[in-house]
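S.K.: Here it is: the structure, laid out below.
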């Protein structure tokens, strides 16, 4: 009997990756293979209030973005690069949300608090782009709002800064300006749940894996953007991101 052969119906697409920020890279690229993109809702009290929610400490809310919605805002060696972000269809209210992104090198289920920090490979600066009108409409009808969060270019992100370089940032400014105008500004110490605490909560719901990205929530000040707007985000000690809406 001839050996069994496996064939694909069509050629699989390229693996989604995010470059790692390096110094003295010697023309070598270090790439982080992305598995699943998780996001945390309302992890800053000010944003919870502006969304009409109670910011009192309780269990966090999680949602996904498609892995192929990731838009790396860097070159192959991790240097910052301005990217074009496509304005999505079926919305008149595209909102910006700047976030600290944690990238996992390890995972598991029911991860203890003492081990959670050790799962993190590094951090990045991300934008959780949101079709706010779709989200509001879905919420009003009690329906899922996946399409409000998941679309082409919905998850721009800087290169990853390894923990070996940046440590585990628990304080420092997180800010976003649009066309030079300040929109969002807070401190990482304002997070309701730290990245480690988020990992603990999330691992009780799903098995976390190496390659997972976690967008850890946005400060207050979210708002709309239009075609032609330039977004510039920065997190002290982590990195920066620049995107133009096209």
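The numbers here are math on the coordinates, done by the rules we state, and not lab data. Quick caveat, the model's predicted, so the values are computed rather than measured. For neighbour counting, all protein chains shown are included, and Cβ atoms are generated from backbone atoms with ideal geometry for every residue, glycine included.
S.K.: Given labels modelled 7 Å from the Cα in the Cβ direction, how far is it in nm from residue 82 to residue 30?
M.R.: In this crude spin-label approximation the distance works out to 2.8 nm.
S.K.: Helix-only estimate, please: 222 nm mean residue ellipticity of the chain, summing -39500 (n - 2.57) across DSSP H runs of length 4 or more and dividing by its residues, to the nearest 500.
M.R.: -3500 deg cm²/dmol
S.K.: Here's another thing I want to ask about it. Just want to confirm a number: the relative contact order over the chain, from Cα pairs under 8 angstrom separated by 6+ residues, in percent.
M.R.: 29
S.K.: Over 16 Å apart: what share of the alpha carbon pairs of segment 88-136 falls there, rounded to a whole percent?
M.R.: For segment 88-136, the share of Cα pairs beyond 16 Å comes to 57 percent.
S.K.: Considering only segment 70-192, what is the antiparallel percent among its DSSP beta bridges, to the nearest 5?
M.R.: 85
S.K.: Can you work out the base-10 log of I(q)/I(0) for segment 158-246 at q = 0.22 1/Å, using the Debye formula on its C-alpha atoms alone?
M.R.: The Debye formula, applied to the Cα set alone, gives -1.19.
S.K.: Turning to a different aspect of this structure: Sort all Cα-Cα distances of segment 93-180 into consecutive 10 angstrom bins from zero, then give the percent of pairs in each bin up to the one containing the longest distance.
M.R.: For segment 93-180, the pair-distance distribution reads 14, 34, 32, 19, 1.
S.K.: Using a 7 Å offset from the Cα along the Cα-to-Cβ direction at both residue 61 and residue 110, what is the distance between the two label points in nm, to one decimal?
M.R.: 2.8
S.K.: From the list (1) 58, 42, 28; (2) 61, 43, 40; (3) 65, 42, 41, can you say which value of Cα extents along the principal axes in Å was derived from the structure given?
M.R.: (3)
S.K.: How do the peptides 94-103, 208-217, 189-198 rank, highest first, by the average count of neighbouring beta carbon atoms within 10 Å per residue?
M.R.: Result, highest mean Cβ count within 10 Å first: 94-103, 208-217, 189-198.
S.K.: Tell me, in nm to one decimal, what length is gained between residue 75 and residue 146 on full extension, where the rule is 0.36 nm per residue of separation less the Cα-Cα distance?
M.R.: My answer for the length gained is 22.6 nm.
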